[in-house]
Every structure is written in C-alpha cells, then in structure tokens.
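A short write-up of the structure that comes next.
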Amino acid sequence: MRIEEVQSTSKKERVATHTHIKGLGLDANGTAIGMSAGFVGQAEAREACGLVVDMIRQKKMAGRALLLAGPPATGKTALALGISQELGSKVPFCPMVGSEVYSSEVKKTEVLMENFRRAIGLRIKENKEVYEGEVTELSPEESESSTGGYGKNISHVVIGLKTVKGTKQLKLDPTIYDALIKEKVAVGDVIYIEANSGAVKRVGRCDAFATEYDLEAEEYVPIPKGEVHKKKEIVQDVTLHDLDAANAQPQGGQDILSLMGQMMKPRKTEITEKLRQEINKVVNRYIDEGIAELVPGVLFIDEVHMLDIECFSYLNRALESSLSPIVILATNRGICTVRGTDMTSPHGIPVDLLDRLVIVRTQIYGPIEMIQVPISCLIMCFNFPM
C-alpha cells in the first residue's frame with residue numbers, strides 16, 4: 001500500500017540570516033539552555049540580556065539603553081533580535097547601521113529620529129459594523145449612460161455573502177465595485193465590507209476550494225461563523241513613522257507644474273517637528289480614550305562607533321523622550337576616537353552617553369561551540385520545511 005504525505009497549503013516564511021532566532025533560549029530561572037531558540041553558546045550574554053528583558057517588562061529601562069560589545073560574528077545582532085522576540089511577536093524591530101545617517105539629502109538627526117519612530121508601534125482597536133462572508137454571487141448591474149453616447153455605467157452591484165449561520169444578498173454602491181476590483185475579489189473568496197466607510201478587505205480564499213489547485217501561494221481561510229452582518233473588533237498595527245509619512249505627503253494640484261512634479265522621482269524630504277508634535281497629540285488622545293495602545297519596539301544600531309558627536313548628543317535627548325523605544329547599540333571597537341572630536345573613549349562613545357548604557361559583552365566562540373554550530377544547522381534544516 002502506497003502512502004504519501006500531503007503538503008500543507010499554508011504560506012511558508014522566507015528563511016533569512018536571523019529568522020531562526022525565536023528568543024534568548026532561557027529556562028524559567030533565567031539560565032541559558034545549551035542549544036535553544038536558535039542560539040549556540042554565548043550563555044553569559046544571553047542570561048544578561050534576559051535580565052535586561054525583565055527590566056524592560058518592569059519598566060525600569062526608561063532613559064537608558066543597552067550596548068552589546070564584542071568581536072565580529074559573535075551574535076550581537078542575534079541577541080538584539082532575541083530580546084525583541086522575548087518582548088512579543090508583534091513588537092516592532094528596526095535594525096540600522098551607524099553609517100546610514102550620512103546622506104546628502106537628509107540631516108543625520110532626521111535619519112535617527114525617523115528610525116526611532118519606525119521602532120514605536122501603535123495598535124489601534126476599533127469596533128465596526130461589517131458584512132462578512134464567502135462571496136457566492138458577484139454581478140454588476142449596468143444602466144444607460146446619463147451623459148449620452150453608447151457607453152453604459154454600473155448602477156449598482158449585487159453581491160451574495162454566506163456564513164455558517166446563513167446567507168444575505170446585498171445591493172452595493174458602484175464605488176464599492178471599484179474597491180472589489182482593486183482587491184481582486186472573486187466568487188469563493190472570504191471578504192468583509194465596512195458598513196460605514198464601504199472599505200473592502202479580502203481575507204483569503206475559502207478553504208472549501210483548497211483542493212481545486214495545487215498552488216501554495218493562496219491563503220485559505222475557514223468560512224466565517226455567526227451572521228453576515230455583525231459588529232467586529234478590527235485591530236491595525238502601524239508605526240509612528242507610518243503616520244508621519246502618511247500625513248507628510250504633499251497633495252498636488254491639477255496645474256502643469258504639479259503634474260510634472262508627480263511624474264518626476266521626488267527627493268526624500270524631511271518631516272517637520274511641528275507635524276510630529278501634532279501626530280503625538282492625536283496618538284496621546286487615542287491612548288487616553290482607550291482606542292489605541294502604544295507598543296514600544298526595539299531600535300538596533302549596529303556599528304555605533306560610526307556615529308559622530310552630533311548624533312550622540314541627539315541620542316541623549318531622544319532617550320529622555322516619553323515616546324522612546326528600547327535602544328540597543330552594538331560595536332566591535334575598543335578604545336577609539338569619537339568621530340567629530342579629538343577625544344578618545346571606550347567603544348568610540350562619549351562618556352556622558354556611556355554612563356546611560358547597560359553593557360553586555362559577547363565572547364569569541366570556542367572549539368566546542370564551533371562543533372555545535374553545524375549540528376544546530378542540521379537540526380534547523382529538519383525543522384524547516386523544504
């Protein structure tokens with residue numbers, strides 16, 4: 001008798017450099033487990049990072065940052081990602097390199113602040129009236145053109161939605177039909193339509209059609225439970241930088257100069273401090289009303305010795321901000337010159353900022369760890385689906 005395993009139709013994550021890191025690999029007492037959560041060795045550094053995670057959860061890291069110091073290829077980036085994973089899967093993680101701040105178009109401090117805002121998430125919860133279900137019918141109704149001629153306009157759209165409890169037929173505005181086309185909605189898809197705004201969201205293909213095609217690119221979802229018309233809590237995760245960029249987009253006019261400006265590739269523009277303050281006021285109001293929840297993420301700055309004295313001064317100020325993420329710095333330098341000055345300092349960081357840092361040292365891998373690395377790679381190859 002021949003038995004074959006059926007491959008899952010769920011989406012597979014792309015395997016990149018540090019996608020195998022799932023945490024710090026600590027037990028309940030905070031002790032490092034040999035090969036765990038994608039880590040090999042670095043037990044002391046992992047346990048120290050575990051203490052930092054506890055300090056962050058107890059809200060005792062305000063105004064401070066973490067410095068990972070050690071030779072190249074000793075897992076500094078992996079430790080930063082492990083801290084982010086320990087804090088939660090939805091916590092934003094924003095990696096950058098110290099040399100990224102140098103640009104001919106944007107100020108150094110602007111690049112730093114932009115990455116600070118990328119690392120601060122906002123979870124917005126809204127209760128909305130929606131129509132949700134599997135599309136059983138989708139038929140646009142046409143009418144004669146009101147402007148004359150032989151063309152026809154879509155007067156309305158008839159759509160059928162089906163759930164476990166029942167079915168409904170809806171008559172929708174033609175503007176919603178444009179949204180349905182943009183979302184590439186077809187019969188058999190699971191969608192929801194917001195009753196107030198008319199926004200359409202395609203959730204996925206109904207799992208009843210999972211056996212039709214042998215394609216793994218499609219996401220199959222179960223048919224919704226309950227009634228077609230319901231109140232649903234919709235959660236959206238955005239970063240403060242997303243809000244900044246959305247409100248900083250210039251709205252062009254219809255004149256020839258505006259059209260030319262839209263056609264040409266725009267230069268990167270700075271977001272003003274006034275705009276950020278206005279967005280902060282709106283965010284604080286949403287938090288006070290209970291609509292939104294702030295999710296401080298992790299900003300990881302590698303090769304921090306590449307920053308100059310102006311950037312370090314700005315970092316001091318940014319760490320004191322009420323909207324500040326967890327800042328993790330990494331360097332492989334010992335005592336060197338602070339860029340932009342003549343003074344030398346440990347790790348090329350000014351002493352006043354160094355006093356704010358919790359320093360964790362990483363060690364060079366020994367012979368035992370070097371043997372364990374290929375073993376852990378084999379284990380990960382068996383765990384990841386090919």
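Scan the range 87-110 for residues that are within 18 Å of the chain's Cα centre (by Cα) and more than 15 Å from Val327 (Cα to Cα) and report the count.
Within the range 87-110, residues that are within 18 Å of the chain's Cα centre (by Cα) and more than 15 Å from Val327 (Cα to Cα) number 3.
How many residues, within the range 75-103, are buried (at least 20 other Cβ atoms within 10 Å of the Cβ) and assigned to a loop (DSSP other than H, G, I, E, B)?
2
What are the residue pairs meeting all of these: first residue in the range 72-91, first residue assigned by TED's automatic domain parsing to the domain that holds Ile326, second residue modelled with pLDDT under 85 and of a type in the set (Lys, Arg), Cβ atoms under 7 Å, and 6 or more apart or on different chains?
Partner pairs satisfying both residue conditions: Gln85/Lys22.
Would you mind stating whether Lys165 is among the basic types (Lys, Arg) and part of a loop (DSSP other than H, G, I, E, B)? Before you say what the answer is, go through the steps one by one.
Working: among the basic types (Lys, Arg): yes; part of a loop (DSSP other than H, G, I, E, B): yes.
So Lys165 passes the test.
Report whether or not Val158 is without any contact (Cβ under 8 Å) to a residue 60 or more places away in the chain, assigned to a strand (DSSP E or B) and touching a Cys at 6+ places or on another chain (Cβ under 9 Å).
So Val158 fails the test.
Within the set of pairs 6 or more residues apart or between chains, which connect a residue that is free of Cβ contacts under 8 Å to residues at least 12 places away in the same chain inside the range 130-145 to a residue that is among the polar types (S, T, N, Q) with Cβ atoms less than 6 Å apart?
Listed pairs, sorted by first residue: Ser145/Asn153.
Mind listing whichever residues of the range 60-90 are at pLDDT below 85, within 27 Å of Asp237 (Cα to Cα) and either in contact with a Ser or Thr (Cβ under 7 Å, 6 or more places away or on another chain) or polar (S, T, N, Q) (or both)?
Ser89
Pick from Leu112, Leu161: which is touching a Lys or Arg at 6+ places or on another chain (Cβ under 6 Å) and surrounded by 20 or more Cβ atoms within 10 Å (Cβ to Cβ)?
Numbers: Leu112 fails: touching a Lys or Arg at 6+ places or on another chain (Cβ under 6 Å).
Exactly one residue qualifies, and that residue is Leu161.
Please verify whether the range 126-146 includes one or more residues that are under 29 Å from the mean Cα position of the chain (by Cα), at pLDDT below 85, polar (S, T, N, Q) and not in a strand (DSSP E or B).
There is no residue in the range 126-146 that is under 29 Å from the mean Cα position of the chain (by Cα), at pLDDT below 85, polar (S, T, N, Q) and not in a strand (DSSP E or B).
Tell me which of these Glu47 doesn't satisfy, since it passes every other one: (1) loosely packed, with under 13 Cβ neighbours inside 10 Å; (2) without any contact (Cβ under 8 Å) to a residue 60 or more places away in the chain.
The single condition Glu47 does not satisfy is (1).
What is the residue count in the range 170-183 for residues that are under 16 Å from Glu132 (Cα atoms) and of a type in the set (Lys, Arg)?
Looking only at that region, the number is 1.
Kindly check whether there is at least one residue in the range 282-295 that is under 17 Å from Leu112 (Cβ atoms), surrounded by 15 or more Cβ atoms within 10 Å (Cβ to Cβ) and not aromatic (Phe, Trp, Tyr). Talk me through it step by step, then tell me what you get.
Here is the first cut: in the range 282-295, the residues under 17 Å from Leu112 (Cβ atoms) are none.
No.
Restricting the first residue to the range 217-240 and requiring it to be more than 23 Å from Gly198 (Cα to Cα), which pairs with a second residue that is in a loop (DSSP other than H, G, I, E, B) and at pLDDT 80 or above meet a Cβ separation below 6 Å and a spacing of at least six or different chains?
From residues that are more than 23 Å from Gly198 (Cα to Cα), the pairs are Thr239/Pro92.
Return the residue satisfying two criteria in turn: it lies in the range 172-191 and is at pLDDT 85 or above and in a strand (DSSP E or B), and of such residues it is surrounded by the fewest Cβ atoms within 10 Å (Cβ to Cβ).
Out of the qualifying residues, it is Asp189.
The values are calculated or read from the model by the stated rules, or taken from the named source; none is laboratory data. On a predicted model such as this, the values are computed, not experimentally measured, just so you know. All Cβ positions, glycine included, derive from the backbone under ideal geometry; neighbour counts span all protein chains shown.
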